[in-house]
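These notes concern the structure reproduced below.
The values are calculated or read from the model by the stated rules, or taken from the named source; none is laboratory data. A quick note: this is a predicted structure, and the numbers were derived from the prediction, not measured. Neighbour counts are summed over all protein chains in view; Cβ atoms, including those assigned to glycine, are modelled from backbone coordinates with ideal geometry.
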Amino acid sequence: MLNDVKLARVGPNRHDSRITVKVLKIWDTIHVDTGEGLSFLFLDDEGTKMHALVERKDQHRRFRRLLHEEEWKTISGFKVRTFTPRIRLTKQRKEIFLTSETQVDDADAFDGFIPLDLIPFGDVMLWSSCWNCLS
């Protein structure tokens, strides 16, 4: 049985999670390890944003067909990885991997208020100073 969870509560040890999210953005990426990639930015009804990506290149076409910007979707069968990148899109230290087992269904649009999920300014300044040290 699947458990409906919010993005802030998904984790790498749960394989029974189902999320309902709005697809905010879709873009092509290039990864040093895997080559071409496909990324998404998801938003849930609590305002939490999380990066998602397609794990395998042979699945890119499938997810381009299933996921479109500004649409609400219910997604299950995904993997979650915890990471500590130098640069990240959101304050979440997790990202979602969409796999061949991932199921995507249409969801009702959420029309309520969604608070902003912003990275605190102090964190931005901290990462900016670290980034300058790496240059």
Inset, instruction - Could you check the range 12-83 for strands (runs of 3 or more DSSP E) lying wholly inside it with 2 or more residues that are over 10 Å from the mean Cα position of the chain (by Cα)? - result: 17-31, 35-43, 72-76, 79-82
Inset, instruction - Could you list, in sequence order, all residues of the range 36-72 that are among the basic types (Lys, Arg) and either farther than 18 Å from Gln92 by Cβ or at pLDDT below 90 (or both)? - result: Arg56, Lys57, Arg61, Arg62, Arg64, Arg65
Legend entry - Given (1) over 18 Å from Pro12 (Cβ atoms); (2) modelled with pLDDT of 90 or more; (3) not in a strand (DSSP E or B), number of the condition Ser128 does not satisfy: (2)
